[in-house]
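What follows is a single structure, written as structure tokens, with notes after it.
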Amino acid sequence: MTPLPAPLRWLYSLEWRRGFFDWARSDGVTWVYIFKVLFAAFLTLWLAMRLELPQPRTAMITVFIVMQPQSGQVFAKSFYRFLGTLTGSAVMVALIALFAQNTELFLGSLAIWVGICSAGAARYRNFRAYGFVLAGYTAAMVGLPALAHPDGAFMAAVWRVLEISLGILCSTLVSAAILPQTASAAMRNALYQRFGVFARFATDGLRGRSKREAFEASNVRFIAEAVGLEGLRSVTVFEDPHMRRRNGRLNRLNSEFMGITTRFNALHQLLERLRSSGAEPAVAAIKPGLQDLAEVLDGFSGRALTDADAARLVVELSAYKEGLPARVRRLRATFQESNPSDAELLDFHTAYELLYRFVDDLHSYAQTHASLADHSHAREQWDEPFTPQTNWMASAASGIRAAFILVVLGSYWVATAWPSGATMTLIAAATVGLSAATPNPKRMAFQMACGTFLGALIGFVEMFFIFPWIDGFPLLCVMLAPVIVLGSFLTSRPQYAGVGLGLLIFFSTGSVPDNLTVYNPYAFINDYIAMVLGMLVCAAAGAIILPPNSRWLWRRLEQDLRGQVVYAISGKLKGLASSFESRTRDLLHQAYGLAAGQPQVQSNLLRWMFVVLEVGHAIIELRKEQAVLPVHPAYAESQPWRQAIRVMGRSLVRLFLQPSQNNLERSLVAVDHAISRVQATDEPFAPHFDTSALRRVKSYLHFIRTSLLDPQSPLSAYTKTAPQGLEHAS
């Protein structure tokens, strides 16, 4: 057989194909996105000019704003942009009707409206926030130019809605039809890969091989994935009917994943405390059951969990779960032969209670994952949605900042009668809205100012030295393409996204020709000076007026994080566990992003989250146990052990609202008293963890105590002396 020439051998080589597919999955996706932005922008601009819309640039800008790498994100963002535009246009028409003859009242009312919308954008994140952003700055962008001709305000609003609708239509069509990257595929891949990573994390922890830094880093990753998957889930319903039919199970799966990570963290933290305190006999007695579970998870560690794999995991976990009670009894009988202390025996019981709960939740997660293979399933019935939690002061600060900027710039415009003052004010309204939902609005506004300045330089050259010499739409596209490619590439890089956004939007605002193009260099320069000044004022306000990435907000979010224990104690029990999980993780995710570049602050927030989740979950389990107690005098409300638990709850509320040495000591005394009251109570059932409610209650109380005494916890700063062990008064 004649050997192939060298170029053909290279073409068919495995190394070349592997390199190509690696490029296609990374940079290739970026270039496909850039090509789609180009095509959608030029299609929109051509249609807008052919339809003789007043401002084709508005339709083109819509493309740059709503285009995303995944089609589901485009559908979601387009939906909220359309709603925001309608709302903003309606408010603008109302304000013009009320205050057309009084510029000061109009600007004051507009500032209040933009402030409300900016607060809403900070409160509701993901694409819902974008609806608030659009509702705010649409009113400004349509209303401020219409002040000079209030009789045309209604038609200006109609034209803007039509222009934006055209941009939305072209964007969604191009995104869905040309090499679509679906959010549902991204979500499916994330779900499949996530469990393999967690299984490896769990097996390392069960075998005692995980390090503190790796443990914390993995938890940060799981938190980000849980919040991110909730965003993806809300997007997939726009594009995929199959995902829409599984929406309840996807919601349930995310909630159950948060549950199993919390369960495992609680078990891991208890084991680490036992190892660090030198409780080797208890650790050795617990180890065999942990090894059995680690062997079950080994088959799923580091690999994608498909629906078939999930079904196999259900079978294996069912067998392990059924044999666990008998296994625990044998291990306990062996352990008791060494005459352990009451504290060591309680450590043993607590560890296996946590292990059983972890396996039970893991089994439920595997069942839900396996059910995704069916179009309809009973597990679709789920009414415990992800509950985001945002600090109201952070939202209010964003609204106050936006209203202040509009009042200052609007007043300057009225006082000076600067022809470009309206441009400065409306661009500031757009910038403050677009930056409101970001962790660092100062940085975002400054980056947008840099992108706008670059767009001004390029736009001046193109507007006055190139556009007069070209003829026809194809040559216009050739001249615009390099700017769009550069801006789209920058937006695909998170560290330069603000620069790219500023370049794309505000180059188009000032430099893309309308159907009737006016070449006025003085107005051009004035307008771009106004744009950059408006953005710089937004950046300065973001740095001065209650900046969200400063110490005050970290402290407020830390207080909110601690307050979740109060929520676990006083919240309505139905759906409390999943709501508590999502609220706590959402708070930590926000705080972690705001504290970027402050590793000590991030570490402290993460450790607060651990102790809050541990104590909060134990309290919720105690409440669940008490809610289903059988009717018997040993379980009556008036029993001393139930009264002691209520006293303990009040002491924990004081501790987590106001951490101090005295409050910590009171909580420890209350927990010890509750444990002693439970131990002194007789019940009519066998003393096994699967039959004895009081033994489970005692285990949770003991776990709360160990969490409060954890030397790695932030509460350790309020301990008089370092604990010598985990013993308590029996």
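The values are calculated or read from the model by the stated rules, or taken from the named source; none is laboratory data. This is a predicted model, so every value here is computed, not measured. Backbone-built Cβ (ideal geometry, glycine too); neighbour counts: all protein chains shown. Side chains are part of the model used for accessible areas, which takes the heavy atoms of the whole protein and leaves out ligands, DNA and RNA. Shrake-Rupley method; radii C 1.70, N 1.55, O 1.52, S 1.80 Å.
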* Output the residues belonging to region 612-661 that are farther than 26 Å from Ala717 by Cβ, in contact with a helix residue (DSSP H, G or I) (Cβ under 8 Å, 6 or more places away or on another chain) and among the acidic types (Asp, Glu). => Glu621, Glu625
* Filtering region 183-219 down to residues that are at pLDDT 80 or above and of a type in the set (A, V, I, L, M), which residue is nearest to Leu297 (Cα to Cα)? -> Ala199
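Taking Ser411, is it of a type in the set (S, T, N, Q) and closer than 16 Å to Pro547 by Cβ? Outline the logic, then answer.
Details: of a type in the set (S, T, N, Q): yes; closer than 16 Å to Pro547 by Cβ: no.
Answer is no for this residue.
Taking the criterion of being part of a loop (DSSP other than H, G, I, E, B) and crowded, with 17+ Cβ neighbours inside 10 Å, would at least one residue in region 294-304 satisfy it?
Within region 294-304, the first condition is being part of a loop (DSSP other than H, G, I, E, B), and the residues that meet it are 299-304.
Adding the requirement that they be crowded, with 17+ Cβ neighbours inside 10 Å leaves 300-301.
Yes, some residue in region 294-304 is part of a loop (DSSP other than H, G, I, E, B) and crowded, with 17+ Cβ neighbours inside 10 Å.
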* Per-region count, region 305-341, residues open to solvent by 40 Å² or more (accessible area, probe 1.4 Å) and of a type in the set (Phe, Trp, Tyr) -> 0
* To do: Keeping to region 80-122, report how many residues are surrounded by fewer than 24 Cβ atoms within 10 Å (Cβ to Cβ) and under 20 Å from the mean Cα position of the chain (by Cα).
  => 2
* Asked: Within region 507-515, is even one residue free of Cβ contacts under 8 Å to residues at least 40 places away in the same chain, out of contact with any Phe, Trp or Tyr (no Cβ under 7 Å at 6 or more places or on another chain) and open to solvent by 40 Å² or more (accessible area, probe 1.4 Å)?
  -> no
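If we keep just the residues of region 554-576 that are of a type in the set (A, V, I, L, M, F, W, C) and buried (at least 22 other Cβ atoms within 10 Å of the Cβ), which is farthest from Glu621 (Cα to Cα)? Steps first, please.
Of the residues in region 554-576, the ones of a type in the set (A, V, I, L, M, F, W, C) are 554, 557, 561, 565-566, 568-569, 573, 576.
Subset that is buried (at least 22 other Cβ atoms within 10 Å of the Cβ): 557, 561, 565, 568.
On the way: Leu557: 25, Leu561: 19, Val565: 13, Ala568: 10 Å.
Ranking the candidates gives Leu557 first.
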* Tell me which residues, restricted to region 685-730, are modelled with pLDDT of 75 or more, within 20 Å of Asn663 (Cβ to Cβ) and hydroxyl-bearing (Ser, Thr, Tyr). => Thr706, Ser707, Ser713, Ser716, Tyr718, Thr719
* To do: Check off (1) open to solvent by less than 10 Å² (accessible area, probe 1.4 Å); (2) modelled with pLDDT under 85; (3) not small (Gly, Ala, Ser) for Pro281 and give me the number that stays unchecked.
  => (1)
* Restricting region 217-253 to residues that are acidic (Asp, Glu) and in a helix (DSSP H, G or I), the residue that is farthest from Leu173 (Cα to Cα) -> Glu225
* Asked: Of the residues Leu486, Leu476, Leu501, which is under 18 Å from Glu462 (Cβ atoms) and within 38 Å of the chain's Cα centre (by Cα)?
  -> Leu486
* Spot the failing condition for Met463; the list is (1) surrounded by 13 or more Cβ atoms within 10 Å (Cβ to Cβ); (2) over 18 Å from Pro521 (Cα atoms), and only one is missed. => (2)
* To do: Specify the residue that is surrounded by the most Cβ atoms within 10 Å (Cβ to Cβ); the eligible residues are those in region 59-73 that are in a helix (DSSP H, G or I) and touching a Lys or Arg at 6+ places or on another chain (Cβ under 8 Å).
  => Thr62
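Filtering region 124-149 down to residues that are more than 24 Å from Gly534 (Cα to Cα) and in a helix (DSSP H, G or I), which residue is least open to solvent (accessible area, probe 1.4 Å)?
Step one: filter region 124-149 for residues more than 24 Å from Gly534 (Cα to Cα), giving 124-128.
Going one step further and asking which of them are in a helix (DSSP H, G or I), we end up with 127-128.
Values: Phe127: 41, Arg128: 105 Å².
Here the answer is Phe127.
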